[in-house]
Amino acid sequence: FACAAREPTPEAQLARFRDLTQDLNASDLGHLREDFLARRDPGSVQQVAVKRADHPHLGLTAKERHIDRVSADGTAVEVKSIKGKLSTDDLAQLEDYRKMVTAKDKISVLVAGKPMRLERAMYEFTEPAGVRANLATIKKEMLAERVSVKIYNQSGHARILQKDTDLSGIEEWLAQ
């Protein structure tokens, strides 16, 4: 964290952090990048539990989900530091996120001991290769279903996608 923090811009910090962590195993890499991005999201809380038993009307696919980060504005953020396609489990998780934020009656979760309504969901892809591998899923399963996507290009610049037209020119941008 300290080495990346010495870089002059947030983009350079992310690019440096990606370089420093690229050889870690997937589990460690994911946790470190979640922590790194959470530090850039003031007021957010990490690892917020959503239990099927507390929200039976949602029909969640898992007994319990842990949201990587809930932002102060009620955004449930899932960080993906993958370079390949989302797995079957990842797609089930995405379905649960959609259920959480599109329920007729918005659900509340405990954040720092206080109830907070989940207003929206965002997937945050830290690797350009992961974005490329999942473009069809991003378009059909995320953007079409009102799940926004924050992506980072090779130099660490961020872009938020909210509708499929935001994908125009994305391949060129990812390479920058």
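The values are calculated or read from the model by the stated rules, or taken from the named source; none is laboratory data. Everything numeric in this text was worked out from a predicted model, so none of it was measured. Accessible surface is based on the protein model in full, side chains and every heavy atom, while ligands, DNA and RNA are left aside. Shrake-Rupley method; radii C 1.70, N 1.55, O 1.52, S 1.80 Å.
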Legend entry - Hz values of 3J(HN,Hα) by residue in the range 81-96 - Karplus curve (6.51, -1.76, 1.60), Gly and Pro given as x: 10, 9, 10, x, 6, 5, 7, 4, 5, 4, 5, 5, 4, 4, 4, 5
Legend entry - Interchain or long-range residues, amide H under 5 Å from Glu78's placed H: Met122, Tyr123, Glu124
Inset, instruction - Over every pair of different alpha-carbon atoms in the range 40-108, take the mean of 1/r and invert it; report that Kirkwood radius in Å. - result: 12.8
Legend entry - Whole-Hz couplings from phi, Karplus 6.51/-1.76/1.60, listed for the range 12-27; x for Gly and Pro: 5, 4, 5, 4, 5, 5, 4, 4, 5, 9, 4, 8, 6, 5, 4, 5
Legend entry - For q = 0.09 Å⁻¹, Debye-computed log10 I/I(0) when each Cα of the chain counts as one equal scatterer: -0.30
Inset, instruction - Check cross-link reach from Lys51 to the aspartates and glutamates: straight Cα distance under 20 Å, and skip same-chain residues fewer than eight apart. - result: Glu64, Asp68, Glu78, Asp89, Asp90, Glu95, Asp96, Asp105, Glu119
Legend entry - ³J(HN,Hα) computed for each position of the range 131-138 - Karplus, 6.51 cos²θ - 1.76 cosθ + 1.60, integer Hz, glycine/proline x: 5, 4, 5, 10, 4, 5, 5, 4
Legend entry - Whichever lysines have a C-alpha closer than 24 Å to that of Lys163, once near sequence neighbours (fewer than 8 apart) are set aside: Lys80, Lys83, Lys85, Lys99, Lys104, Lys106, Lys139, Lys140, Lys150
Inset, instruction - Kindly identify the range 102-176 as rounded, prolate or oblate by the Cα gyration tensor criterion: order the square roots of the eigenvalues as a ≥ b ≥ c, call it rounded if a/c is under 1.5, otherwise compare a/b with b/c, prolate if a/b is larger, else oblate. - result: prolate
Inset, instruction - Can you send over the solvent-accessible area of Ser81, 1.4 Å probe, protein chains only, in Å² to the nearest 10? - result: 20
Legend entry - Surface per residue (accessible, 1.4 Å probe) for the range 1-141, Å²: 51
Inset, instruction - For the chain, give the share of DSSP beta bridges that are antiparallel, in percent and rounded to the nearest 5; count only bridges with both residues there. - result: 60
Inset, instruction - Decide, for the range 1-62, between rounded, prolate and oblate: order the square roots of the alpha carbon gyration tensor eigenvalues as a ≥ b ≥ c, take rounded if a/c falls under 1.5, and otherwise choose prolate if a/b is larger than b/c, else oblate. - result: prolate
